[in-house]
Amino acid sequence: MSVQSTACVALGLSLLATSLASCAGPGTGVTGNDTGGIIPYASVSPELARDLAIEHCARYNKEARATGVDAQYGGYYSFSCRFDAKRAY
């Protein structure tokens, strides 16, 4: 196999790996941004979900507020990140 053929094969494999990785979905842990997020229900306890939400929102200097629980396999804990009304910004 020539060097050019090997390079093409390597490029093709890396593109395939990148496209498959983008199909993986949210995975375990928090998926979100500065407005809130979701945490897979089956992967954590309610207490840990609360702690993860608090930690996530603290990155944006906001408080976490639970907005919903879909209590089944495949469901999510959802939360929003809000500014603390008592705090001066």
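The values are calculated or read from the model by the stated rules, or taken from the named source; none is laboratory data. Note that the structure is predicted; figures quoted are calculated from it, not measured. Backbone-built Cβ (ideal geometry, glycine too); neighbour counts: all protein chains shown.
Yes/no matrix, rows are residues, columns are (1) over 20 Å from Arg82 (Cα atoms); (2) acidic (Asp, Glu); (3) modelled with pLDDT of 95 or more:
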| residue | (1), (2), (3) |
| --- | --- |
| Cys23 | yes, no, no |
| Val30 | no, no, no |
| Ile39 | no, no, yes |
| Ala53 | no, no, yes |
| Cys57 | no, no, yes |
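Tell me, which residue of the stretch 29-55 that is in a strand (DSSP E or B) and touching a Cys at 6+ places or on another chain (Cβ under 9 Å) is nearest to Tyr76 (Cα to Cα)? Don't jump to the end; show me each part of the working.
Residues of the stretch 29-55 that are in a strand (DSSP E or B), as a first pass: 31-33, 36-40.
From what's left, touching a Cys at 6+ places or on another chain (Cβ under 9 Å): 32-33, 36-37.
Values: Gly32: 12, Asn33: 16, Gly36: 13, Gly37: 10 Å.
The qualifying residue nearest to Tyr76 (Cα to Cα) is Gly37.
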